[in-house]
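All remarks here apply to the structure that follows.
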Amino acid sequence: FTKKPMQFIGSHGIQGNIMSIQEMGAHISWELPTSKILYDTRDDLYQPTGIFAEAQKLDEGKLSIESFVAKYNISIVIADMTTGAIYKPLLYSDDWGLVYTTDGFFILVDRDIAEKIRLTIYTAVDPLRSPPAKPGMMDEAYGQLKQLEKEDSTSIENAVRSAEIALVLNKTDDVKRI
């Protein structure tokens, strides 16, 4: 796994309970030792808690992500693009904010926490859509992706995303530079 999401959380002082894919849990624990993770690959520790059964219901659409994160007091979600669709309701919720997206991951943080520590919330970007903009917010998403591109110049992903929107908006000069 890339270290960038954990570096972002650590460098911005984001505190709280973290939900991610199970395989990433131990990596998060190693990189962010003061954080609490929902679960990791040590099934023997988590099997008795019933968390796996609830996570299965979540995957099957029998449980809402909003109720799940509320029950477990989750305030940070590290999602990968391949399994991120389960978190889509949080992307569109007024209670959560997208604060990071690059290298195949995105981070959602409880909006109250994000605002308290003055994180930039990317309100127009939907990393799960193509082009990566929320409906009716193409221009705003383009500007926000350009900002992300400046903040993380080592990642080509946000440059490609902003170019995708630039094509839709017919901003061909921006596409040519990539």
**Request:** Starting from residues that are in a helix (DSSP H, G or I) and either under 13 Å from ILE74 (Cβ atoms) or at pLDDT 75 or above (or both), keep the ones in region 26-50 and report whichever is nearest to the chain's Cα centre (by Cα).
**Result:** ILE28
**Message:** Looking only at region 1-17, how many residues end up being among the hydrophobic types (A, V, I, L, M, F, W, C), within 15 Å of ALA79 (Cα to Cα) and either in a loop (DSSP other than H, G, I, E, B) or modelled with pLDDT under 85 (or both)?
**Reply:** 1
**Request:** Please go through region 22-39 and pick out each residue that is in contact (Cβ under 8 Å) with a residue 24 or more places away in the chain and either in contact with a strand residue (DSSP E or B) (Cβ under 6 Å, 6 or more places away or on another chain) or among the small types (Gly, Ala, Ser) (or both).
**Result:** ILE28, SER35, LEU38
**Item:** Out of ILE86, ILE78, ILE121, ILE107, sole residue that is under 22 Å from HIS12 (Cβ atoms), open to solvent by 10 Å² or more (accessible area, probe 1.4 Å) and among the aliphatic types (A, V, I, L, M)
**Value:** ILE121
**Asked** List the pairs whose first member sits in region 114-137 and is in contact (Cβ under 8 Å) with a residue 40 or more places away in the chain, whose second member is in a helix (DSSP H, G or I) and open to solvent by 30 Å² or more (accessible area, probe 1.4 Å), and whose Cβ atoms are under 7 Å apart, counting only residues at least 6 apart or on separate chains?
**Response** LEU128/ALA85; LEU128/LYS88
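The values are calculated or read from the model by the stated rules, or taken from the named source; none is laboratory data. On a predicted model such as this, the values are computed, not experimentally measured, just so you know. Positions of Cβ are backbone-derived with ideal geometry, glycine not excepted, and every protein chain shown enters the neighbour counts. Surface accessibility is based on the protein's heavy atoms, side chains included, excluding ligands, DNA and RNA. Shrake-Rupley method; radii C 1.70, N 1.55, O 1.52, S 1.80 Å.
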